[in-house]
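Here's the structure we're looking at; comments come further down.
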Amino acid sequence: MAPIMTSGGHLTTTEELLLAGGDARISLDPLTGRNKYACAPRPEPGVAALGSSTASSISATGFQAANLLRRRLQEELHVSSAPALYTRELHRVRSELITLSGVADLAGTEIVFSSSGTDAHLITTQLVAREGSSPLLVIMMEGDETGKGVPAALNGRHFSSRSALGAAFVEGAPILGAREIRVAPVTIRSAAGTPRPQGAIHREVETLARAAAAQGERVLLILLDQSKSGLMAPTPAFAMALQQLLPGKVDTLVDACQFRLAPSTLRGYLEQGFMVAVTGSKFITGPAFSGALFIPGEVAPRLSCCRLPAALSAYSARAEWPPGWKGADTLDDVANFGLLLRWEAALAEYRAFRSIPQGDIPRFLGEFAATIRQRLADDPSFEPLPAPEMERAPLGDPATWDRIPTIFPFLLRRPDGNLFSGDETQEIYRLLQQDLSGGAERSWHHEAEAARGLLCHVGQPVSCGVRDGVPLSALRICTSSRLVVEASEAGSSERIRRRIIAALDKTAWLVANTARYPIG
C-alpha cells in the first residue's frame, strides 16, 4: 500500500492519502497528474464534470470533508492505534451510509467495505463459494459493460498488478487459497451495439442456471443495474422468479456500482434477499476507489462464518467487515486511511444529495435528460445509442427519480457519414480534456470559442459492437448527484444546461475538425 505516514510519524497530505489504498488504477500519470480515469486528487472547478459513469475528480465539498477527517485522525493517532482508529471510523461511516441509504430499519443489514466495485465482486464470490461444498457457477453480464477486471475477480484471480493494500502480483494469476469459480458471461448488446432483448437474456440465463443446478452446482446470478452505458439485465422480476424456480440453489448479487438507485429501490433489492454492490465514486461523485457491499439480514448470518482465504489480506482489512464476522478473522488488522477518506468525501456528496427534497430530483434529472437528448438528436455528428427504460417492477416506488436515465451513450459520425472507430473516439475523449480555444476569449457571449476552451470530462469510451468490420466505442454524457445539488441552488439549472450543451458543442466541433486535430 502507498505510504500513509511520513518518517516523522505524521499522516501524509490529504491528496496523498486519497491516492493510497487502491490498486494500480489509482496511480497518477506523472505527465498529466491524473489517474487512469482522467481524475485528479484535488478539486477542479473549471472542468465540466459530465463523466460520472466512469469517475469524477473530487469536489471542493468532498475535499474539505476528507481534509477535516485527516486532521482529526492526526490528532487522535497520539492516543489510539491506527487499526483501532480505522475500525471506529469505518463503523461510523457504515452507520451513516446505511442511514442515508434509507435502510436503517431493515434488521440485520450489514456492509462490507471494499476499495472498488471489482474488489466487491471478488469478496462476494469468495464468500458465497465457501458456503457449503457444492461448486459455484457465476452468471455475469458481459465484461465490456461492467469492468475490465470483473471476470478475473469473479474467477478468484488477481485483476491488477497491485492490490488495494499494496501487494504486487501477476495480473491474471490465481489468488492463493481462493476458490476457482466457473464464470459464464452473457452478452447484453448485439454485435452491432443495440440492446439485446430481455427475453433472450432471460432464456440464456435460465438455461445456464438449470444446467448448473442439474449438475449439483449452486448459482450466483449478477443482476446489472446499471451498466456503463445505462443498461439493466436481467430484470429484478426475472431474478426473483429464478430463485423461486431453483429454491436454495441461487444467490443474487446486484451490481449497482453506479449507485444510480433511489432508497426505495435499494430497500426492495435487500428485502428480496439480494446482495447489492455500490460505489461512492460514480453517481454520488466521490473520489474513485470507494466500494461497499450491502448484505441483507436474511443472508448475513449464513455468510458471516464463511472463512476467507488469508491471501485476501492483500485486498481487505478486518475493520472493513461487520463486527463479529468470524470469517474475517483471517484478515490483517491494518488501516486503509485512503479508503476511509474517499468514503468520507463520498458521504459529504451523498448527504447533500439526500437533503434535496425528493420530489424535486425527478424534475432536475428530467430537464437534464431532455437537454441532452435534444442536443444529440439535432446533430448528425452524434448517433445516440438506444437504452430501454429500467424495468425494476415489482421493486420499490415506480415514481422515484431512478427511473429517469442519467447515462447517455452516443457514437460519433464524420461529415461523410462514417462512424469513428473505438481508437478514434478515444482520441476525441482525450482532446475534450484540453483547452483548444487558441487563446480566444472564454466568454458565454462567444459560445463557439467558449466551447472549444471548455475542459470536458465525459464518460470514457465504452465498447459497443462492430459495424462494417470497425470496432466501435461510445462516449457518455452523464448527470450525477452533484449536478442535482448544484441545480437546487437558485439560478443554477440554466447554467448547468448551458454547460452540457457546450460540452456537446465542443465534441461536435472536434468531429468536424479532424483535419485540424488529426485522429488516430
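Taking the criterion of being under 11 Å from the mean Cα position of the chain (by Cα) and small (Gly, Ala, Ser), the residues of region 274-329 that qualify are Ala277, Gly280, Ser281, Gly286, Ala288, Ser290, Gly291, Ala292.
Residues that are surrounded by 23 or more Cβ atoms within 10 Å (Cβ to Cβ) and in contact with a helix residue (DSSP H, G or I) (Cβ under 7 Å, 6 or more places away or on another chain) within region 463-484 comprise Leu472, Ser473, Leu475, Ile477, Thr479, Ser481, Leu483, Val484, listed in sequence order.
If you filter region 366-405 down to residues that are touching a helix residue (DSSP H, G or I) at 6+ places or on another chain (Cβ under 6 Å) and of a type in the set (S, T, N, Q), you find that the one that is farthest from Ala192 (Cα to Cα) is Thr400.
A quick yes/no check of all residues on (1) under 24 Å from the mean Cα position of the chain (by Cα); (2) at pLDDT below 90; (3) surrounded by fewer than 18 Cβ atoms within 10 Å (Cβ to Cβ):
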site	(1), (2), (3)
Ser161	yes, no, yes
Ala164	yes, no, no
Ile188	yes, no, no
Ala191	no, yes, yes
Pro195	yes, no, no
Ala200	no, no, yes
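The rows are residues; the columns are (1) surrounded by fewer than 23 Cβ atoms within 10 Å (Cβ to Cβ); (2) out of contact with any Gly (no Cβ under 8 Å at 6 or more places or on another chain); (3) closer than 19 Å to Leu454 by Cα.
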{"position": "Thr13", "(1), (2), (3)": "yes, yes, no"}
{"position": "Arg25", "(1), (2), (3)": "yes, yes, no"}
{"position": "Pro30", "(1), (2), (3)": "yes, yes, no"}
{"position": "Val47", "(1), (2), (3)": "yes, yes, yes"}
{"position": "Ser53", "(1), (2), (3)": "no, no, no"}
{"position": "Ser57", "(1), (2), (3)": "no, yes, yes"}
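Within region 206-222, if we keep just the residues that are of a type in the set (Val, Ile, Thr) and either outside any helix (DSSP H, G or I) or crowded, with 23+ Cβ neighbours inside 10 Å (or both), the residue that is nearest to the chain's Cα centre (by Cα) turns out to be Ile222. Take the conditions without any contact (Cβ under 8 Å) to a residue 40 or more places away in the chain, surrounded by fewer than 24 Cβ atoms within 10 Å (Cβ to Cβ), touching a strand residue (DSSP E or B) at 6+ places or on another chain (Cβ under 6 Å) and of a type in the set (Ser, Thr, Tyr) and apply them to Thr330. Does it pass? Against the criterion (without any contact (Cβ under 8 Å) to a residue 40 or more places away in the chain, surrounded by fewer than 24 Cβ atoms within 10 Å (Cβ to Cβ), touching a strand residue (DSSP E or B) at 6+ places or on another chain (Cβ under 6 Å) and of a type in the set (Ser, Thr, Tyr)), Thr330 does not qualify. Would you check if Glu180 is under 19 Å from the mean Cα position of the chain (by Cα) and either of a type in the set (S, T, N, Q) or at pLDDT below 95 (or both)? No.
Would you mind finding the one in Glu367, Glu344, Glu349 that is part of a helix (DSSP H, G or I), more than 16 Å from Glu96 (Cα to Cα) and charged (D, E, K, R)? From the options Glu367, Glu344, Glu349, the qualifying one is Glu367. Any idea which residue in region 99-134 is surrounded by the fewest Cβ atoms within 10 Å (Cβ to Cβ), counting only those that are in contact with a Phe, Trp or Tyr (Cβ under 8 Å, 6 or more places away or on another chain) and among the hydrophobic types (A, V, I, L, M, F, W, C)? My answer is Leu100. Sort through Ala292, Ala262, Ala277, Ala256 and tell me the only one that's buried (at least 21 other Cβ atoms within 10 Å of the Cβ) and in contact with a Cys (Cβ under 7 Å, 6 or more places away or on another chain). Answer to the check: Ala277.
Of the strands (runs of 3 or more DSSP E) lying entirely inside region 223-305, not one contains at least 3 residues that are among the charged types (D, E, K, R) and touching a residue at least 60 places away in the same chain (Cβ under 8 Å). Can you confirm whether region 68-82 contains a residue that is closer than 22 Å to Phe353 by Cα, at pLDDT 95 or above and surrounded by fewer than 18 Cβ atoms within 10 Å (Cβ to Cβ)? Yes, some residue in region 68-82 is closer than 22 Å to Phe353 by Cα, at pLDDT 95 or above and surrounded by fewer than 18 Cβ atoms within 10 Å (Cβ to Cβ).
This table checks each residue for (1) free of Cβ contacts under 8 Å to residues at least 60 places away in the same chain; (2) over 25 Å from Ala310 (Cα atoms).
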| site | (1), (2) |
| --- | --- |
| Arg70 | no, yes |
| Pro83 | no, no |
| Ala107 | no, yes |
| Glu131 | no, no |
| Leu137 | no, no |
| Met140 | no, yes |
| Gly143 | yes, yes |
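The values are calculated or read from the model by the stated rules, or taken from the named source; none is laboratory data. Computed from a predicted structure; not experimentally measured. Don't worry about glycine lacking a Cβ; one is built from the backbone with ideal geometry, like all the others, and counts go over all protein chains shown.
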